[in-house]
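Taking it in order: structure first as structure tokens, then the write-up.
The values are calculated or read from the model by the stated rules, or taken from the named source; none is laboratory data. This structure is a prediction, so every number in the text was calculated from the model and none was measured. Note that we place each Cβ from the backbone using ideal geometry, even for glycine, and neighbour counts take in every protein chain shown. Just so you know, the surface numbers come from the protein's heavy atoms only, side chains and all, with ligands and any DNA or RNA stripped out. Shrake-Rupley method; radii C 1.70, N 1.55, O 1.52, S 1.80 Å.
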Amino acid sequence: MTFLLSAILAAAFAAAPNVPEGWTDGYVMANGIRIHYWRTGGAKPPLLMAHGSSDDGLCWTNLARELVNDFDVVMWDARGHGLSDPPRAGDAPDAMVEDMAGLIRELKLVKPVIMGHSMGSATAAWFAAKYPDVPRAVILEDPFLGGRRPGNSSADREKRRADTLARNNMTLDQLVEGCMKNSPKWGLSECQYWAPSKRRHHPDTSLASLGARPAMKDLFAKITAPTLIIKADAPPEVRKENEAVTAVLKDGRIVHVDGAGHNVRREGKAATIAALKQFFGRL
């Protein structure tokens, strides 16, 4: 009986959820690379989702399921992630911004709502500042709201590369088990979508210099689209600092989700969906 139970649990960890029925995937050539994306489809307003570092497009699946009735959701793999081409030495600091611009052009997305998490939120904000007339609205999940990030040394980059390669070589079982242990609020389904993205994450993403990104406050001053910031829980003084940065936006609002960490939607899904629905209601 013990052996049978262990086998069932092992199978539950290893079996990643299927891609929802009716969703499709494809590739475009944009900004000099091949970019992969997943799409829910339908004659609905487009919602383009940009994942965080080391994740990929399918990591949005559980949230996208909540939005498919109202949006044609496009979940793309950033360069070096998922099934998109890897980055290259010498990539411009705004390479992923131009990747996003190229993807929107190739898919002929008209006035998309753009949502990004972490790294993807930096891309989304930079894009909205550079191309203010393109997005219908902007949603940023736990963006870094401080100044410019410090530059990273070659030793830092090599460590990130080694760490990424080490996760590439872990089994899905090991990754899911570690996810469930380290992020118990997520639940099994989130960990099952998360785990394969770690095996596909390219070590050369370590080549990027985080310090080259503009400060978020500088980008916010150039964004004209309605903008929602969904932030992790924080002490009162940090919330005030975040609100001060958000105040630069021409049409912006910020929501801190109690009890949620950096992966806000995974740790505070109900509050995230409530904030999104309220925001969408006024678009």
Carbon and sulfur atoms account, in whole percent of the 1.4 Å probe accessible area of the stretch 24-175, for 52
Report TRP23's accessible area, 1.4 Å probe, all protein chains in place, as a number in Å² to the nearest 10.
-> 40
Using a Förster distance of 35 angstrom, determine the FRET efficiency expected from the C-beta separation of LEU188 and ALA244, and round it to 0.05.
-> 0.35
Hey, if we sort HIS256, HIS202, HIS117 by accessible area with the 1.4 Å probe, largest down, what's the order?
-> HIS202, HIS256, HIS117
Counting only DSSP beta bridges with both residues in the chain, tell me the antiparallel percent, nearest 5.
-> 30
Over the stretch 25-128, consider all pairs of different Cα atoms and compute the Kirkwood hydrodynamic radius from their mean reciprocal separation; express it in Å, one decimal.
-> 13.4
Once you've got the GNM for the chain with C-alpha springs shorter than 10 Å, pick whichever of VAL19, VAL73, VAL257 has the biggest mean-square fluctuation.
-> VAL19
Take the Cα atoms of the stretch 187-283, find their three principal axes, and give me the spread along each one in whole Å, biggest first.
-> 40, 34, 30
When the gyration tensor of the stretch 230-276 is built from Cα positions, what are the square roots of 5 times its three eigenvalues, in whole Å, from largest to smallest?
-> 19, 13, 7
May I ask for the equivalent-ellipsoid semi-axes of the chain, computed as the square root of five times each C-alpha gyration tensor eigenvalue and listed largest first in whole Å?
-> 28, 22, 21
Gap separating the Cα centres of the stretch 199-273 and the stretch 74-128, nearest whole Å = 17
When the chain is modelled as a GNM with alpha-carbon springs shorter than 10 Å, which of ALA43, ALA124, ALA195 fluctuates the most?
-> ALA43
Using the heavy atoms of the protein chains and a 1.4 angstrom probe, tell me the accessible area per residue for the stretch 140-283 in square angstrom.
-> 50
Report the residue, chosen from ILE114, ILE273, ILE229, that carries the largest GNM mean-square fluctuation when the chain is represented by alpha-carbon nodes joined by springs under 10 Å.
-> ILE273
What FRET efficiency do you get for LYS44 and ALA274 if R0 is 25 Å and r is their Cβ-Cβ distance, rounded to the nearest 0.05?
-> 0.75
